[in-house]
1. Can you tell me the FRET efficiency between A:Asn207 and B:Thr92 if r is taken as the Cβ-Cβ distance and R0 is 30 Å, rounded to the nearest 0.05?
2. R0 = 45 Å: FRET efficiency of A:Glu63 with A:Met155, Cβ-based, nearest 0.05?
3. Tell me, what is the per residue accessible area of the stretch A:163-214 in Å², probe radius 1.4 Å?
4. Each label point is 7 Å from the Cα along the Cα-to-Cβ direction; what then is the distance between the points at B:Asp5 and A:Arg115, in nm?
5. Can you give the accessible area of A:His196 in Å² (nearest 10), computed on protein heavy atoms with a 1.4 Å probe?
6. Just to compare against my own numbers: the Cα pair-distance distribution for the stretch A:130-242, 10 Å bins, whole % per bin, please.
7. Taking the stretch B:41-94, how much of its Cα-Cα pair set, in percent, is spaced more than 18 angstrom apart?
8. If R0 is 30 Å, what FRET efficiency do you get for B:Ser19 and A:Glu194 from their C-beta distance, rounded to 0.05?
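The values are calculated or read from the model by the stated rules, or taken from the named source; none is laboratory data. It should be emphasised that the depicted structure is a prediction, and the values quoted were computed from it without experimental measurement. Cβ coordinates were reconstructed from backbone atoms using ideal geometry, including for glycine residues, and neighbour counts include every protein chain displayed. Just the protein is used for accessible areas: all its heavy atoms, side chains included, with ligands, DNA and RNA removed. Shrake-Rupley method; radii C 1.70, N 1.55, O 1.52, S 1.80 Å.
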Amino acid sequence: MTNTFEILPQPSGQSSHQCWSCGDMRAALFCDSCGSLQPAAPTDYFTFFGWPRKLNLEMPALEREYYRLSRLLHPDLFANTTTQEQTWSLQKTSHLNDAYRTLRDPILRTEYLLRLQGLQVHEKPAGASLAAAAMGESKKGASSELLEEAFELNMQLEELQMNHKMGEHDEDLERQLAEQESALVAKLAQLDGELHQQWNQWDALANTDGLPASKILDSMVELLSRRSYLRNLVRDVKEALAD
Amino acid sequence: MAYSDKVLDHYSNPRNVGSLDKNSNEVGTGLVGAPECGDVMKLQIRVNPVTQIIEEAKFKTFGCGSAIASSSLATEWVKGRTVDEALAIKNTEIVKELALPPVKIHCSVLAEDAIRAAIGDWKKKQGTEATEPAKVQAAQ
Ligand code: FES
């Protein structure tokens with residue numbers, strides 16, 4: 001049972017509620033007054049860590065917080081408490097693990113934020129575009145160029161692989177494959193650089209609801225889909241070289 | 001994951017792999033992709049200008065077994081149909097024929113999208129050559 005919590009869009013901000021044990025208000029994980037563990041409230045992963053929805057994350061800080069919370073929420077600590085609290089500790093621990101796994105991976109983190117902001121990631125590209133829809137334009141053009149490119153690269157790679165399999169282990173071919181690999185890896189690095197720039201733009205925004213915000217989100221969706229075609233190509237070329 | 005026999009059949013013995021001249025006026029090309037897995041699929045049709053029947057179909061798919069099988073099946077199904085009949089093909093029929101599991105539904109969607117894209121491309125070409133289809137219609 002990993003997904004005890006709703007991970008899809010939640011109103012941002014901590015849900016405030018009373019501590020079930022002492023009746024005090026606004027407890028998140030533990031009651032501020034009496035320290036009792038609180039029931040599982042649906043919070044997104046950023047909120048769970050008490051952070052704003054920003055994409056630049058300090059890994060050491062994430063790790064520190066993860067280990068700190070793991071220790072505090074560990075089910076062993078609740079072995080002698082009510083079954084209710086035992087369940088909550090389990091649920092929170094599992095939520096914490098999901099949150100940590102998602103936030104520490106740059107791509108998963110970006111995808112998660114996009115979903116939180118209401119975008120459809122990994123759906124049909126046309127449906128994903130907020131800004132484009134608002135402006136009445138279609139994004140077909142950009143993505144068909146990208147598909148052409150991905151298709152072409154796949155074709156080239158297949159030819160190289162085919163020759164390779166036919167036993168033509170000549171140096172020329174090896175060199176071409178290696179060149180292809182470094183070109184693709186460089187492209188991937190370039191994309192990641194672009195993604196980083198978009199993170200910075202997003203993190204600098206004061207208002208995450210306006211048109212500038214949805215433009216940034218849209219370009220992140222576009223970039224991630226470009227990245228997934230490229231990632232496959234890199235995987236394939238590495239496989240070909242390993243054969 | 002276990003593939004159905006039909007998927008395996010199309011996968012190991014794909015029908016109509018290849019390409020058609022994308023510059024020909026009788027050829028429509030559809031190039032589509034699934035961003036969730038990074039797979040790409042190209043499907044081409046050659047339409048008889050008089051009968052509007054799809055006489056030839058070719059595909060090339062870089063993707064999973066289900067995507068290859070779906071596009072292979074799609075080329076078989078569109079052949080011999082008119083353009084409008086081909087447009088009626090639904091991904092759910094592909095899912096059924098190939099017994100695709102839920103996680104592989106997007107692979108069949110890709111094939112349906114590819115058919116639509118190819119027909120769309122062909123239609124666009126006919127639009128720019130208004131004289132040809134007009135004559136055909138008059139003759140019927
Ligand atoms: S897994 Fe993506 S097309 Fe099949």
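1. Between A:Asn207 and B:Thr92 the formula returns 0.10.
2. Computed FRET efficiency for A:Glu63 and A:Met155 comes out at 0.60.
3. Dividing the accessible area of the stretch A:163-214 by its residue count gives 62 Å².
4. About 3.8 nm separates the two model spin labels.
5. So the heavy atoms of A:His196 present about 90 Å² to solvent.
6. Spelled out bin by bin, the stretch A:130-242 gives 13, 35, 26, 16, 8, 2 percent.
7. The calculated P(r) of the stretch B:41-94 puts 29 percent of pairs beyond 18 Å.
8. Between B:Ser19 and A:Glu194 the formula returns 0.40.
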